[in-house]
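Asker: Submitted below is the structure of interest, expressed as structure tokens.
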2 protein chains.
Amino acid sequence: MSTPSGPAPGAALEIVHLLRATTVELGLHSARFAHRNGMHPTDVRALIALMDARRAGEEMSAGRLGGVLGLNSAGTTALVDRLEGAGLVRRVRGERDRRRVVIEVEDRAVELGWAFFGPLIERSVELLRGCDDHQLAAIRDFLTGVREAAAGGR
Amino acid sequence: MSTPSGPAPGAALEIVHLLRATTVELGLHSARFAHRNGMHPTDVRALIALMDARRAGEEMSAGRLGGVLGLNSAGTTALVDRLEGAGLVRRVRGERDRRRVVIEVEDRAVELGWAFFGPLIERSVELLRGCDDHQLAAIRDFLTGVREAAAGGR
DNA sequence: GGCGAATATCTTGCTGAGCGAGATGATAGG
DNA sequence: CCTATCATCTCGCTCAGCAAGATATTCGCC
């Protein structure tokens, strides 16, 4: 009994382990989605980044997409070729700056993603429905803290 | 007003989004670890699986490792060749069944992993230190539920 | 005990994602 | 206009992972 506020000694480590296991499982879930649609993990990451940008109301150019995913220009071109060939995105020449190529997601990709990830999202929301403000704040603070710690590791 | 106990309408969705962002950030963190040590993402996943097995007191054979990672036998052999060449694991012929090859992690790999992931783990534990039992239970139940939902998607 | 089926790993040859270097097309500054 | 710069694409290559088959070991059956 040396921890003044900690309720159980190994409980925290157990939760850290559980977060890692959850991360792994979500990764496998994405991999299944990719495999089932003849895609690669990078393609799924690209679609997620594109949809995030769209939700934020931002344009995503080819170069920026490559930067987010850590690809060089050649790999980015090949990626967009794959996605465009699969009918999931389209290239649109930049209006203001005609050097740029803006990548837009087709509705089909959004539907595809929602059909696969929708149930998981709904289930997650349902899991949170039984929580009070105090508990939601704890979950939010924990995830935010871990995310910042992981990002802070340079 | 349709949610009887839900405290805020969009708060749940926000947390789901936050979990995904955290997952992405943890993946990037692993990728940095891999890149910094001249490894590939699969190599890191393999080391994690090996250390998990060791902590659970189980032996990890080459075939089982490949199964966990979703590789076929050829890819598994190449993976173990890489890790062995880097001095991170060693092959040990099975004692009871001499067809098997048991993969054991070298101490060096454990130290390497701890040096990189240790601070993140410690920070996570610290984040949980301020939580009471009620909040810890909420975090645990949420993560467990999401993990099961992701795994349940076949 | 010995023989054939089953099991675990390794070898060979190939496909394709991603990298480095450089070409092509578009814009801005003098 | 002419050059420097920027965004993207093309070419040639490397290497992770797959499919198929070779090799070594064990187990069941007679």
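Asker: Output the number of the condition that A:Ala46 fails; it satisfies all remaining conditions of (1) within 14 Å of chain B (Cβ to nearest Cβ); (2) more than 10 Å from DNA strand C (Cβ to nearest atom); (3) surrounded by 14 or more Cβ atoms within 10 Å (Cβ to Cβ); (4) under 16 Å from A:Val110 (Cβ atoms).
Answerer: Single failed check for A:Ala46: (2).
Asker: Further, regarding this structure: Going residue by residue through region A:86-93, is there one that turns out to be in contact with a strand residue (DSSP E or B) (Cβ under 7 Å, 6 or more places away or on another chain) and β-branched (Val, Ile, Thr)?
Answerer: Yes: region A:86-93 contains one or more residues that are in contact with a strand residue (DSSP E or B) (Cβ under 7 Å, 6 or more places away or on another chain) and β-branched (Val, Ile, Thr).
Asker: On to the next question. For A:Gly87, work out the one condition from (1) without any contact (Cβ under 8 Å) to a residue 12 or more places away in the chain; (2) exposed (fewer than 14 other Cβ atoms within 10 Å of the Cβ) it doesn't fulfil.
Answerer: (1)
Asker: For the structure I just gave you, tell me whether B:Ala56 is out of contact with any Leu (no Cβ under 6 Å at 6 or more places or on another chain) and either away from chain A (no Cβ under 14 Å) or within 16 Å of DNA strand D (Cβ to nearest atom) (or both).
Answerer: no
Asker: Show the residue pairs meeting these rules: Cβ distance below 6 Å; 6+ apart or different chains; first residue within region A:33-59 and under 18 Å from A:Thr77 (Cβ atoms); second residue small (Gly, Ala, Ser) and crowded, with 19+ Cβ neighbours inside 10 Å.
Answerer: A:Leu47/A:Ala109
Asker: Continuing with this model, one more query. What single numbered condition from (1) of a type outside the set (Asp, Glu); (2) within 19 Å of A:Glu25 (Cβ to Cβ); (3) open to solvent by less than 40 Å² (accessible area, probe 1.4 Å); (4) away from every other protein chain (no Cβ under 14 Å) fails to hold for B:Ala109?
Answerer: (2)
Asker: Go through (1) open to solvent by less than 100 Å² (accessible area, probe 1.4 Å); (2) in a helix (DSSP H, G or I); (3) among the acidic types (Asp, Glu) and name the single condition A:Glu122 misses.
Answerer: That leaves (1) as the condition not met.
Asker: Still on this model: Checking the structure you have, find out if any residue of region A:72-82 is open to solvent by less than 70 Å² (accessible area, probe 1.4 Å), at pLDDT below 95 and within 9 Å of DNA strand D (Cβ to nearest atom).
Answerer: no
Asker: List the residue pairs whose Cβ atoms are under 7 Å apart, where the first residue sits in region A:62-74 and is within 13 Å of chain B (Cβ to nearest Cβ), the second is within 7 Å of DNA strand C (Cβ to nearest atom), and the two are 6 or more positions apart or on different chains.
Answerer: Pairs that qualify, where the first residue is within 13 Å of chain B (Cβ to nearest Cβ) and the partner is within 7 Å of DNA strand C (Cβ to nearest atom), are A:Leu69/A:Thr42; A:Leu71/A:Leu79.
Asker: If you go through region B:80-111 one residue at a time, how many are in contact with an Asp or Glu (Cβ under 7 Å, 6 or more places away or on another chain) and more than 9 Å from DNA strand C (Cβ to nearest atom)?
Answerer: Going residue by residue through region B:80-111, those that are in contact with an Asp or Glu (Cβ under 7 Å, 6 or more places away or on another chain) are B:82-83, B:87-92, B:102.
So of that shortlist, the ones also more than 9 Å from DNA strand C (Cβ to nearest atom) come out as B:82-83, B:87-90, B:92.
Going through region B:80-111 one residue at a time, the tally reaches 7.
Asker: How many of the residues in region A:88-118 are assigned to a strand (DSSP E or B) and either within 10 Å of DNA strand D (Cβ to nearest atom) or more than 18 Å from the chain's Cα centre (by Cα) (or both)?
Answerer: Of all residues in region A:88-118, those assigned to a strand (DSSP E or B) come to A:89-93, A:101-105.
Add one more test, that the residue is either within 10 Å of DNA strand D (Cβ to nearest atom) or more than 18 Å from the chain's Cα centre (by Cα) (or both), and what stays is A:90-93, A:101-103.
The qualifying residues number 7.
Asker: Condition first: within 12 Å of DNA strand C (Cβ to nearest atom) and out of contact with any strand residue (DSSP E or B) (no Cβ under 7 Å at 6 or more places or on another chain). Now tell me which residues in region B:49-71 satisfy that. Before you say what the answer is, go through the steps one by one.
Answerer: Taking region B:49-71 as the starting set, the residues that turn out to be within 12 Å of DNA strand C (Cβ to nearest atom) are B:59-68, B:71.
Passing the criteria: B:Gly63, B:Arg64, B:Gly66, B:Gly67, B:Val68, B:Leu71.
Asker: In region B:12-29, which residue that is small (Gly, Ala, Ser) and open to solvent by less than 30 Å² (accessible area, probe 1.4 Å) is farthest from the other protein chains (Cβ to nearest Cβ)?
Answerer: Keep residues of region B:12-29 that are small (Gly, Ala, Ser), which gives B:12, B:21, B:27.
Retained after the next criterion (residues that are open to solvent by less than 30 Å² (accessible area, probe 1.4 Å)): B:12, B:21.
Working: B:Ala12: 4, B:Ala21: 6 Å.
Among those residues, the one meeting the criterion is B:Ala21.
The values are calculated or read from the model by the stated rules, or taken from the named source; none is laboratory data. All values reported here derive from a predicted model rather than from experimental measurement. We place every Cβ from the backbone using ideal geometry, glycine too, and count neighbours over all the protein chains shown. To get the accessible areas, we keep the full protein, side chains included, count just its heavy atoms, and leave off ligands, DNA and RNA. Shrake-Rupley method; radii C 1.70, N 1.55, O 1.52, S 1.80 Å.
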